[in-house]
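The values are calculated or read from the model by the stated rules, or taken from the named source; none is laboratory data. Everything numeric in this text was worked out from a predicted model, so none of it was measured. Here the Cβ is made from the backbone with ideal geometry for all residues, glycine too, and neighbour counts use every protein chain on show.
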Amino acid sequence: MNKAITDGLVLMPPPFSAGLNLWSREDGTPGSPSYQGQPNAALVTNDQDFAGCLELQKTDATQKLRSYAQTPIQPGLYLRVTARVKAVSGNLPSVRIAAWAGDVGGANVAGVPQTGPSVTLTSYGQVVTVSAIISPANRMGVDLPWTTQVTYAHVGLDLTGPTGGVVRIDDIVVEDVTNIFIRKLMDWVDVRDFGALGNGTTNDAPAFLAADAAAQGREILVPSGVFRLTSDVTINSRIRFEGTVSMPSNRKLTLTRNFDLDTYGQAFGSELEGFRRALQSLFYFTDYVTLDLSGRRVDLTGPIDVAALAGLSSFATRRVVRNGSLNAVAGPAWATEEFSSVATYSTSNNLTLTGVANVANIPVGSLVVGTGVGREVYVRSKNVAAGTLELSQPLWGAAGTRPYTFKRFKYMLDFSGFDLLSRFELEDIEFNCLGIASGVMLPVTGSTHRFVSCSFNRPLDRGVTSIGTGCQGMFVDMCQFLSNEQQLAVGDRTTIALNINGNDTKLRNNRIVRFAHFAIIHGTSHLIHANHFFQGDDETAGIRRAGIVFTQTNVSTILTGNYVDNCFIEWGNEHDSAPEENGEFSFGGLNIVGNVFIASGTTSAFRWVVIKPYGAGHFISGFSLLSNSFRVFGTIIDRVDMVDTSIASLDFTQSRNVRVEGNSFNNVGQWIMNPVLVTHTQNTAADTWNVSAGGFVPFGGRIRTVTAVSPEGPITTAASAARYVFPHALPGTGVLFNEAQLKWGEAVRGKALVTMRMDVPA
């Protein structure tokens, strides 16, 4: 900055050759005496050191020299007054820059310093330069720190010390040196000032680091250009990009004070590359745990392999990506890969396929499809040399050698390259899949990942996929899953919102719209609360599919406060290589409490709670269906529960700890309960009363115990004689085993409230 140029300020006093009448012997104020005609002052034009100069003999104790011209003083303006002086003869004086400070009214501002540092002349003929900097700013380097009260100056110099000496003085120079101070005044430093070229080829990393070291709290400016950085660069100062940077893919730019997508997008010239680089840095940056996408949208032209991007296979420190949108852009990178191969499966090695043809071509993370394969079984790892594939779950009915199909879906964020990744969180992210891509594939192992307030909009195949136990302890809270198949009939849908292989997940307050399934869930100790999942269609008497599928027998899971809309809960053991009951925990630990179940446009055969054994011998051991509301709009359905016996049935002789109470049924033909309370009226005297539980027994089970018989009114003989006797009970009688016999010991008649159960205490 130079105000003589930008503002047209006249800073220079006149040269001596213009006339000594322009120079004052005192303060330079109007009326003060000049050097015109003074015997101790003369112009010299032929000095060998000065083109033209003033020769002055010191006759006063302080010999003053001031310009009558008014040099302007302004806030933000720094002026350097310079004089070149040499002694010619006589006593050697001292020299100092001096200036008279005037205010807007023409009065001297006496409270400010008006002389600069003094320099003593020590020899004859030696040119000595003296200078002083004047400014209204009281800053280091300012010799005459004035105030904004000063508006102009009469500049010059003083000769002090012994009198009698003769000196020659070159023309006094006043120059704007604000640029010397500007770097200290501005709140930024420019990387070009530290050697950066911005030509796209020269390594500018040292210049960036030097600028960061010099910034000391100021912002770094990266001006126009392409700045090549060939090594890792960490900037600890605030930074602003007008130009861009380029880096090798394995090098990281870490911006510790601007760790957000907005800045990274500017740095790399695109939102996509900025997102990739910021995500890369997130795994190495310790001062921040959160990458803020600045509310911006990132267009993805293909999957992001996060492990390859980070250059890591293991990471277990909390990291968060939040506040933005990932948008899939159509292109070949999203195409599902599909492979067919013959392989051998053995229940003795139930997580491995052996002898896999073309094993090298089958990607990790592929969905396994074939006869005897349960839903959501994925390739967890592979060993090309051994020709084997490790599976995420066992296969329930695939022993032997047979063909398989492997489908590798493509995910916007793919973490499958991590052998271990824990505590990674995605918050307020919109996965705008648009029927082009799937959402997120989780790492092989890891725990406590969180999806909070995320939206999965029209995933092509899957919303969130677990190919191992990377879903252990996962949180999915307040998310929305919107299907790409909403216009299709239920039976034609293939998309799944998410699957789970690990334990201890929390699915809470989510909304899931018209997928084939909401969740395929393995493992135990899950909390599923306050979700709304609906899977209906516009078909008349349409079929319905499971919203939630449990794939193991003992789940130890609570399903509470959910809105289950036009879909059902399916409970099976399809992820069991030996699905027959063989002494392990059987179907138990499922608590369905306080949910709202509705259905519409379906058939009378629809059921909301379905148990599907994949092997014989299983039974119910610990199940609660409490305080739920079941309601059908339109068609009256037969009942709410069933056992799918297409593969195997349940052994109801071993049922225990079943609680079905407090539920409400609307447009449901047959209510269910356990215990079953039946009022039995025996009109004809008999010693054996056959009391039927009818269809009230859950899942069509059998009566195993009679816990109470409470007569209502007298028990009498055929002759109406009262009898005070109590029967013993024989449960599980009748063709369907849903009756109990009360044995009275004699023929009696009357009315009794009978409490029966399909189970026995554990």
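Points worth noting:
- Extreme residue, modelled with the lowest pLDDT, among residues of segment 345-369 that are at positive phi and surrounded by fewer than 19 Cβ atoms within 10 Å (Cβ to Cβ): 358
- The listed residues are 469, 448, and the only one of them that is β-branched (Val, Ile, Thr), crowded, with 19+ Cβ neighbours inside 10 Å, out of contact with any Cys (no Cβ under 9 Å at 6 or more places or on another chain) and more than 23 Å from residue 334 (Cα to Cα) turns out to be 469.
A quick yes/no check of all residues on (1) assigned by TED's automatic domain parsing to the domain that holds residue 367; (2) surrounded by 15 or more Cβ atoms within 10 Å (Cβ to Cβ); (3) without any contact (Cβ under 8 Å) to a residue 24 or more places away in the chain; (4) not charged (D, E, K, R):
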| position | (1), (2), (3), (4) |
| --- | --- |
| 264 | no, yes, yes, yes |
| 279 | no, yes, no, yes |
| 284 | no, no, no, yes |
| 316 | no, no, no, yes |
| 322 | no, yes, no, no |
| 326 | no, yes, no, yes |
| 343 | yes, yes, no, yes |
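- Flag if residue 518 is touching a residue at least 40 places away in the same chain (Cβ under 8 Å) and farther than 19 Å from residue 458 by Cα: no
- Test: residue in segment 39-62 that is part of a strand (DSSP E or B) and aromatic (Phe, Trp, Tyr): no
- Verdict on residue 586 being in contact with a helix residue (DSSP H, G or I) (Cβ under 9 Å, 6 or more places away or on another chain) and farther than 20 Å from residue 546 by Cα: yes
- Considering segment 127-142, and only residues there that are modelled with pLDDT under 95 and assigned to a loop (DSSP other than H, G, I, E, B), the residue that is surrounded by the most Cβ atoms within 10 Å (Cβ to Cβ) turns out to be 136.
- Residues being hydroxyl-bearing (Ser, Thr, Tyr) and farther than 12 Å from residue 322 by Cβ - total across segment 270-299: 4
- For segment 346-364, a residue qualifies if it is farther than 20 Å from residue 408 by Cβ and either of a type in the set (A, V, I, L, M) or touching a residue at least 40 places away in the same chain (Cβ under 8 Å) (or both), and the qualifying residues are 346, 347, 350, 355.
- Filter result for residue 27 (surrounded by fewer than 21 Cβ atoms within 10 Å (Cβ to Cβ), at pLDDT below 95 and either within 19 Å of residue 160 (Cα to Cα) or of a type in the set (Asp, Glu) (or both)): no
- Any hit, segment 616-635, residues being at pLDDT below 95 and of a type in the set (Gly, Ala, Ser): yes
- Residue within segment 185-196 that is among the basic types (Lys, Arg), surrounded by 15 or more Cβ atoms within 10 Å (Cβ to Cβ) and in contact (Cβ under 8 Å) with a residue 12 or more places away in the chain present: yes
- Residues located in segment 135-174, provided they are more than 22 Å from residue 47 (Cβ to Cβ) and acidic (Asp, Glu): 143
- Residue 394 falls short on exactly one of the conditions (1) in a loop (DSSP other than H, G, I, E, B); (2) farther than 23 Å from residue 573 by Cα, and that condition is (2).
- Of everything in segment 370-386 that is closer than 13 Å to residue 397 by Cα and touching an Asp or Glu at 6+ places or on another chain (Cβ under 8 Å), the residue that is surrounded by the most Cβ atoms within 10 Å (Cβ to Cβ) is 374.
- In segment 424-439 there is at least one residue matching the filter, namely being without any contact (Cβ under 8 Å) to a residue 60 or more places away in the chain and part of a loop (DSSP other than H, G, I, E, B).
- Taken over segment 161-211, the criterion of being in a helix (DSSP H, G or I) and either of a type in the set (Asp, Glu) or under 16 Å from residue 76 (Cα atoms) (or both) is satisfied by 178, 179, 180, 181, 182, 183, 184, 185, 193.
- Residues of segment 76-91 that are buried (at least 18 other Cβ atoms within 10 Å of the Cβ) and part of a loop (DSSP other than H, G, I, E, B): 77, 78.
- Scanning segment 614-654 for residues that are closer than 21 Å to residue 559 by Cα, in a loop (DSSP other than H, G, I, E, B) and hydroxyl-bearing (Ser, Thr, Tyr) returns a single hit, 627.
- Scanning segment 346-389 for residues that are among the basic types (Lys, Arg) and part of a loop (DSSP other than H, G, I, E, B) turns up just one, 375.
- Restricting 249, 294 to those that are in a loop (DSSP other than H, G, I, E, B), modelled with pLDDT under 95 and in contact with a helix residue (DSSP H, G or I) (Cβ under 7 Å, 6 or more places away or on another chain) reduces the list to 294.
- Residues in segment 526-582 that are closer than 30 Å to residue 346 by Cβ, buried (at least 18 other Cβ atoms within 10 Å of the Cβ) and either hydrophobic (A, V, I, L, M, F, W, C) or free of Cβ contacts under 8 Å to residues at least 12 places away in the same chain (or both): 546, 549, 550, 555, 571.
- Those residues of segment 726-759 which are among the β-branched types (Val, Ile, Thr) and in a strand (DSSP E or B), in sequence order: 733, 748, 754, 755
- Residue in segment 648-656 that is among the hydroxyl-bearing types (Ser, Thr, Tyr) and within 20 Å of residue 604 (Cα to Cα) present: no
- Flag for residue 504 being surrounded by fewer than 22 Cβ atoms within 10 Å (Cβ to Cβ), in a loop (DSSP other than H, G, I, E, B), out of contact with any Leu (no Cβ under 9 Å at 6 or more places or on another chain) and of a type in the set (Asp, Glu): no
- Positions within segment 193-209 being among the aliphatic types (A, V, I, L, M) and either over 14 Å from residue 232 (Cα atoms) or not assigned by TED's automatic domain parsing to the domain that holds residue 256 (or both), in sequence order: 196, 197
- Test: residue in segment 148-157 that is without any contact (Cβ under 8 Å) to a residue 60 or more places away in the chain and assigned by TED's automatic domain parsing to the domain that holds residue 43: yes
- Within segment 515-525, tally of residues that are under 24 Å from the mean Cα position of the chain (by Cα) and either surrounded by fewer than 24 Cβ atoms within 10 Å (Cβ to Cβ) or closer than 24 Å to residue 622 by Cα (or both): 1
- Residue in segment 145-166 that is surrounded by fewer than 19 Cβ atoms within 10 Å (Cβ to Cβ), under 30 Å from residue 229 (Cα atoms) and aromatic (Phe, Trp, Tyr) present: no
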